[in-house]
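Structure first, then comments.
The numbers here are math on the coordinates, done by the rules we state, and not lab data. Remember, predicted model here, so these are calculated numbers, not experimental data. Cβ atoms come from the backbone with ideal geometry, glycine included; neighbour counts cover every protein chain shown.
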Amino acid sequence: MALLEVENLQTHFRTPEGINRAVDGISFHVDEGETLAIVGESGCGKSVTSMSLMRLIPEPPGKIAGAIRLRGKDLLRLSEQEMRAIRGNDISMIFQEPMTSLNPVLTVGRQIGETLRLHQGLDKEKAEARAIEMLSLVGIPEPARRVREYPHQLSGGMRQRVMIAISLSCNPKLLIADEPTTALDVTIQAQILQLMLDLKRRVGAAVILITHDLGVVAEVAERVMVMYAGRKVEEAPVAELFASPRHPYTKGLLGAVPKLGSSLTGAARRLAEIPGQVPSLKGRIEGCAFAGRCALATDLCRQVAPGLEEKSSRHFAACHFASKEAA
Amino acid sequence: MNAPLLQVNDLKKHFPVRGPLFSRKANWVYAVDGVSFDIARGETLSLVGESGCGKSTVGRAILRLFDITSGQVALDGQRIDDLSPERLRRMRRRVQVVFQDPFSSLNPRLRVRDILAEPIRNFGLATSASELDTKVAALMDTVHLSRDALDRRPHEFSGGQRQRICIARALAAEPDLIVCDEAVSALDVSVKAQIVNLLQDLQAEFGLALLFISHDLAIVEHMTHRVAVMYLGKIVEMAPRQRIFAAPAHPYTKALLSAVPVPDPSARRVPMILKGDVPSPINPPSGCRFHTRCPFVFDRCRAEEPELRQRAEGQWAACHLEDIPETA
């Protein structure tokens with residue numbers, strides 16, 4: 001059985017201009033210990049998806065429908081109190097901005113300890129001892145001194161390490177990392193990605209990595225799900241997705257990113273553009289959400305939304321024209 | 001002989017910061033500490049480096065958004081770092097800028113028409129109202145925006161479209177050099193490609209020189225002619241594109257390149273992962289500024305600061321090592 005099963009997740013927001021369908025019926029699963037990447041551009045619903053999994057969407061104006069099953073238990077049917085026992089314990093989360101997601105007036109030790117005291121009932125001394133242990137695990141030098149420091153005394157990379165320490169302190173089954181390295185410099189990003197992979201293996205957690213950076217996806221993920229305008233347009237194992245993308249949007253994204261080293265192989269050429277921009281999510285989109293920007297679009301695409309189809313083994317795409325591989 | 005369009009010689013910019021509470025002693029941030037380079041007409045030079053390395057400060061010093069601490073900046077052989085305000089105004093026409101955030105760099109209360117007309121009027125580039133209108137309309141065509149959009153205000157546009165407006169505004173002054181300070185960093189992948197292509201087209205069409213400040217090495221490689229790598233206020237390596245991406249001569253460049261995630265899962269590489277963080281520019285390390293993180297550090301690095309030395313045609317690096325060892 002999959003660790004997490006999401007079925008027809010819909011997260012809608014009521015706004016003065018109408019209903020915003022930020023996530024519009026997506027289904028996916030995550031296996032134990034697996035790394036799934038969710039990729040897409042701003043506004044495609046990838047962050048709202050992750051917030052929905054944690055039930056961090058304010059209701060109202062938000063509304064989550066569908067089913068989110070963690071080892072068979074539907075999180076959407078739990079009371080707020082039951083949900084609190086799961087957050088930070090079974091499922092934990094790392095956010096993009098390590099400055100704003102740490103409390104500036106508490107020491108990092110207190111913040112790591114809070115999770116431990118709440119979920120594992122450790123007392124103050126034990127929690128601090130464990131916090132020091134966690135800090136050294138995430139590679140912070142002098143953990144016994146750092147544990148008494150405040151977030152502003154740490155650099156961006158160190159703060160993200162503290163976030164990772166907090167999120168892993170209770171040995172979660174699922175770690176959701178929402179753009180964990182976007183705010184960091186490349187050399188620090190490389191450190192943090194390596195640390196995450198290393199710890200994930202040690203703790204045995206599954207990871208949902210949310211990112212817009214296809215380079216990070218290629219390095220870290222095992223399976224990839226591509227989102228566009230609140231819908232899932234493609235899903236495949238990582239090597240398969242990069243080698244033979246089926247959906248025109250995925251193809252466009254891959255063509256729009258220059259590869260390092262392209263000037264050496266003579267492959268440096270004009271970047272592929274995806275014309276136009278992401279459609280507004282206010283108001284229902286008839287047909288395929290990508291039709292307005294797609295070179296292949298026909299009347300069929302504009303009228304009928306394509307369903308997800310298995311185009312080859314474990315490779316799904318939602319496009320009328322993505323050819324199926326001859327079995 | 002063609003003199004370079006822009007020459008920067010030993011540029012320094014130190015910012016004062018307040019020392020400890022109640023102490024009179026001020027500290028200095030050595031944001032840019034002795035940087036020299038030049039840019040030819042129609043050339044793109046990229047300044048790359050991590051946050052706090054001083055790359056944006058260099059860009060702003062060239063634009064003269066503040067006075068520099070020491071050094072010289074010359075445009076067409078004429079110094080611009082000590083110009084009187086009146087002559088500075090005329091210089092500003094020739095060097096324009098596109099910033100990272102297209103939301104905060106456009107005045108929300110102006111229509112696009114007025115945003116684009118302002119530089120044309122200020123620099124007296126149109127002799128009549130009808131010429132002004134023609135120029136403004138032509139600018140919209142150049143950046144592929146609809147002329148119908150001239151009467152709209154910035155909030156009605158998407159991020160990519162606003163960045164097109166910023167580029168059009170820079171072009172309105174008919175500059176020789178545009179400083180692009182992380183001009184595509186805030187944009188989504190598909191929109192980023194549109195803007196990168198636009199900048200390349202404009203460079204070919206108008207013979208513009210670009211100072212492209214960025215931390216995105218893949219984009220830099222795609223569009224630059226030469227690259228200067230900065231670390232803690234200094235240039236550690238400068239070379240033509242092909243050279244720097246094929247055979248970096250400074251360990252920092254090598255680490256930077258190897259840290260970039262490649263969008264190709266079959267490319268299994270061993271990244272050279274640097275330890276620690278960038279030290280503070282308030283109190284930079286002695287000797288080579290990179291010595292605290294360099295895997296190949298030896299005694300001389302801690303004591304003596306390496307000069308930029310030529311390694312190959314056009315390739316300069318500031319490192320005591322002759323070659324970078326294969327492994328640390």
Checklist line | Relative compactness, the stretch A:32-140, computed as alpha-carbon Rg over 2.2 N^0.38 Å | finding: 1.24
Item checked: Angle in degrees between helix B:129-142 and the longest Cα principal axis of chain B, rounded to the nearest 10 -> 50 degrees
Next item on the list: Using only the Cα atoms of the stretch A:91-216, construct the convex hull and provide its projected area averaged over every direction, in square nanometres to one decimal.
Entry: 7.0 nm²
Notebook entry, point to check: What aspartates and glutamates could a cross-link reach from A:Lys63, if we take a straight Cα to Cα line under 13 Å and drop same-chain neighbours fewer than 8 places away?
Noted result: A:Asp24
Check: Contour minus end-to-end for B:Ala247 and B:Ser266, with contour as 0.36 nm per residue of separation and end-to-end as the Cα-Cα distance?
Finding: 4.6 nm
Checklist line | Computed over chain A, Cα set: Rg, Dmax in Å | finding: 20.8, 67
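Which shape class, rounded, prolate or oblate, goes with the stretch B:119-219 when its Cα gyration tensor gives a ≥ b ≥ c as root eigenvalues, a/c under 1.5 marks rounded, and past that a/b bigger than b/c marks prolate?
Since a/c reaches 1.5 but b/c is at least a/b, the shape of the stretch B:119-219 is classed as oblate.
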Notebook entry, point to check: Over chain B, what is the relative contact order in whole percent, taking alpha-carbon pairs under 8 Å and six or more residues apart?
Noted result: 20 percent
Notebook entry, point to check: Cα extents of the stretch B:25-177 along the three principal axes, largest first, in whole Å?
Noted result: 54, 33, 32
Next item on the list: Only loop residues by DSSP count here, and only those with at most 10 other Cβ atoms within 10 Å; note down the trypsin sites (Lys or Arg not before Pro) in the stretch B:90-157 that meet that.
Entry: B:Arg109
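Set the Förster radius R0 to 51 Å, insert the Cβ-Cβ distance between A:Arg14 and B:Glu307 as r into 1/(1 + (r/R0)^6), and round the FRET efficiency to 0.05.
Using R0 = 51 Å, I get an efficiency of 0.20.
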Checklist line | Total charge dipole magnitude, chain B, about the Cα centre, Cβ charges on Lys, Arg, Asp, Glu only, Debye to nearest 20 | finding: 820 debye
Next item on the list: Find out how many positive minus negative residues lie around B:Phe212, taking Lys and Arg as positive, Asp and Glu as negative, among other residues whose Cβ is under 14 Å from that of B:Phe212.
Entry: -1
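Counting only other chains, and only Cβ atoms inside 10 Å, what mean value do you get across the residues of A:175-186? Write down the numbers at each step before the final one.
On the way: counts 0, 0, 0, 0, 0, 0, 1, 0, 1, 2, 10, 14.
Average neighbour count from other chains, rounded to a whole number: 2.
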Checklist line | Dipole of the protein assembly as shown, positive direction: furthest Cα of A:Phe290, B:Thr292, A:Ser79, with charges on the beta-carbon | finding: A:Ser79
Margin query: Once R0 is set to 60 Å, what does the formula 1/(1 + (r/R0)^6) return for the Cβ-Cβ distance between A:Glu149 and A:Lys282, expressed as a FRET efficiency to the nearest 0.05?
Written below: 0.85
Next item on the list: Within the stretch A:92-171, report the trypsin sites (Lys or Arg not before Pro) that DSSP leaves as loop and that have at most 14 other Cβ atoms within 10 Å.
Entry: A:Arg148
Checklist line | Greater than 18 Å apart at Cα, pairs in B:Lys13/B:Lys55; B:Lys234/B:Lys275; B:Lys13/B:Lys275; A:Lys46/A:Lys311 | finding: B:Lys234/B:Lys275; B:Lys13/B:Lys275; A:Lys46/A:Lys311
Check: Which pairs break 31 Å Cα to Cα here: A:Lys200/A:Lys232; B:Lys12/B:Lys135; A:Lys173/A:Lys251?
Finding: B:Lys12/B:Lys135; A:Lys173/A:Lys251
Note to self: To make sure I understand the rule: partners must be aspartates and glutamates, Cα under 16 Å from the Cα of A:Lys73, and not fewer than 8 residues away in the same chain. Which ones qualify?
What the structure shows: A:Glu5, A:Glu7, A:Asp31, A:Glu32, A:Glu82, A:Asp90
Next item on the list: State which stretch of chain A is the longest one without any exposed GluC sites (Glu not before Pro), exposure meaning a DSSP loop state and at most 13 other Cβ atoms within 10 Å.
Entry: A:18-285
Item checked: the protein assembly as shown - share of DSSP beta bridges that are antiparallel (%, nearest 5) -> 60 percent
Check: How far apart, in nm, are the 7 Å Cα→Cβ label points at A:Ala295 and A:Glu59?
Finding: 4.4 nm
Item checked: Pairwise label distance in nanometres, A:Ser262 with A:Glu309, each label 7 Å out on the Cα-Cβ vector -> 3.1 nm
Item checked: In nm, spacing of pseudo-spin labels at B:Asn107 and B:Val17 (7 Å Cα→C-beta vector) -> 3.4 nm
Note to self: Let's test the formula: R0 of 22 Å, r as the Cβ-Cβ distance of A:Arg269 and B:Ser146. What FRET efficiency results, to the nearest 0.05?
What the structure shows: 0.20
Checklist line | Anisotropy class of chain B from Cα gyration tensor, a/c 1.5 cut | finding: prolate
Next item on the list: Using the Cα centre as the reference, give the magnitude of the dipole from point charges on the C-beta atoms of the stretch B:65-168 (Lys, Arg: +1; Asp, Glu: -1; all else neutral), rounded to the nearest 20 debye.
Entry: 100 debye
Item checked: Measure of compaction for the protein assembly as shown (Cα Rg per 2.2 N^0.38 Å) -> 1.01
